[in-house]
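Below is one structure; the comments refer to it alone.
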Amino acid sequence: MTRQKAASLAELSVLAGVSISTVSRSLADSPLVAKTTRDRIKQLARDHDFQINVAARNFRLGRTGAVGVVLPLGHETEQHLTDPFFMSLIASLADTLADRHYDLLLSRVIPSNDRWLQAFVDSGKVDGVIIVGQSNQIDAIEQVSATYDPLVVWGASVSGYSQLTVGSDNFEGGRMAAHHLLSTGRKTLTFLGNPDVPEFEARFAGFNHAIAQEHAPPGFVVPTHVTPDAAYATIRDYMRDHPAPDGIFAASDVIALSALRAIADHGLRVPEDIAVIGYDDAFIASQTTPSLTTIRQDVALGARMMIDLLFQRMAGEDTASISLPPTLVLRASA
């Protein structure tokens, strides 16, 4: 016998012998309805091929069912979503949101003015926003976060700014990298990265702190793009025009991989001549030759924490920024 399909909450409520509101709450798994009743109504819904009209439900509740994930590329307009760190973090965010039955709306932004984030928030497309990286847009982010609560930033917690952040302890990560290089006998250290970006600035500060603590010669800094070809060209030119260091701390694994290539092209060996440490522990770090020693950020944990904080903010709760401890992952390059 073919069962009739239930096309609406009203029809399902008649079949269940309960009110429409009870059916709605049961399908939303509300604790206001007894579990036995919830289970019975869910089974009826399955038996009668009932499908919730998600758009209508969200409209009634005044929500979109989506979270915006925004990547502002103010300082690196050529950076792509294929960047290993971006791919790992976005994948973890998508998985975590799916577990909460939420959609992810991804936006790659090259800011042309300081209202890009306000315009995105005002679009009404999302219930909350996650910013991946502050780039050189920390002031624009701060301006919006002052009045828009459901906003979480993957990035550095910067003194004087109140935006809600989740990120690794970048200062400690930089300190660990320099300390390891110095403890293995390296004496002339170089930092590769853009120290004007908040996360990289903190890594550079930790790097310099370790050098000062060890009373080692001051380190050098080579402002370096995070895209592979641009990073390679910068490092190649630096090594052509300057004495080679014996230890390199790269602000990202992508920069570190470009350094491995430039060092090899310069006729030097890693780690025999130059030790190299990256940052992120992207999936490619263990696949290089030599494999890359790096500072690990727990991206999956960070994604879960960002979503947890965002949903707490969406529920009107107070929350505080979270700093994740980095880990030194020892491989062959240092």
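Scanning segment 94-114 for residues that are at pLDDT below 90 and over 27 Å from Ala28 (Cα atoms) yields Arg108, Val109, Ile110, Pro111, Ser112, Asn113, Asp114. From the list Asn136, Asn58, the lone residue that is surrounded by 14 or more Cβ atoms within 10 Å (Cβ to Cβ), in a helix (DSSP H, G or I), among the polar types (S, T, N, Q) and at pLDDT below 90 is Asn58. For segment 209-238, the set of residues classified as outside any helix (DSSP H, G or I), more than 23 Å from Gly267 (Cβ to Cβ) and touching a helix residue (DSSP H, G or I) at 6+ places or on another chain (Cβ under 7 Å) consists of Glu214, Ala216, Pro218, Gly219, Val221, His225, Val226, listed by residue number. All but one of (1) buried (at least 21 other Cβ atoms within 10 Å of the Cβ); (2) modelled with pLDDT under 95 hold for Thr293; which doesn't? With (1) buried (at least 21 other Cβ atoms within 10 Å of the Cβ); (2) modelled with pLDDT under 95 applied to Thr293, the lone miss is (2).
The selection criterion, being at positive phi and outside the structural domain of Ser135 (by the TED database), holds for Asp280.
Considering Gly174, Gly185, the condition of being farther than 19 Å from Asn136 by Cα, outside the structural domain of Gln137 (by the TED database) and assigned to a loop (DSSP other than H, G, I, E, B) is satisfied by Gly185 alone. When Glu199, Glu272 are checked against the criterion of being assigned by the TED database to the domain that holds Ala178 and in a loop (DSSP other than H, G, I, E, B), a single residue qualifies: Glu272. Does segment 278-287 include one or more residues that are touching a Leu at 6+ places or on another chain (Cβ under 6 Å) and modelled with pLDDT of 95 or more? Among the residues of segment 278-287, at least one is touching a Leu at 6+ places or on another chain (Cβ under 6 Å) and modelled with pLDDT of 95 or more, which makes the answer yes. One residue alone among Val70, Val18 is more than 30 Å from Pro195 (Cα to Cα) and either at pLDDT 90 or above or in a helix (DSSP H, G or I) (or both), and that residue is Val18.
The sole residue among Thr224, Thr188 that is of a type in the set (Val, Ile, Thr), within 20 Å of Asp83 (Cβ to Cβ) and modelled with pLDDT of 95 or more is Thr224. Pairs meeting the criteria (first residue in segment 306-334 and part of a strand (DSSP E or B), second residue of a type in the set (D, E, K, R), beta carbons under 7 Å, at least 6 apart or on different chains) are Ser323/Asp169; Leu324/Asp169; Leu324/Asp298; Thr327/Arg296; Val329/Asp281; Val329/Arg296. The residues of segment 296-318 that are crowded, with 16+ Cβ neighbours inside 10 Å and either of a type outside the set (A, V, I, L, M) or on the phi > 0 side of the Ramachandran plot (or both), listed by number, are Arg296, Gln297, Asp298, Gly302, Arg304, Asp308, Phe311, Gln312, Arg313. Residues in segment 139-168 that are under 11 Å from Pro198 (Cβ atoms), among the hydroxyl-bearing types (Ser, Thr, Tyr) and outside any loop (DSSP other than H, G, I, E, B): Thr165 only. The residue that is farthest from Asp103 (Cα to Cα), among those in segment 272-287 that are touching a residue at least 24 places away in the same chain (Cβ under 8 Å) and surrounded by fewer than 20 Cβ atoms within 10 Å (Cβ to Cβ), is Asp273.
The values are calculated or read from the model by the stated rules, or taken from the named source; none is laboratory data. As the structure is a computational prediction, the values presented were derived from the model and not from experiment. Using ideal geometry, Cβ is built from the backbone for each residue, glycine included, and neighbour counts are taken over all protein chains shown.
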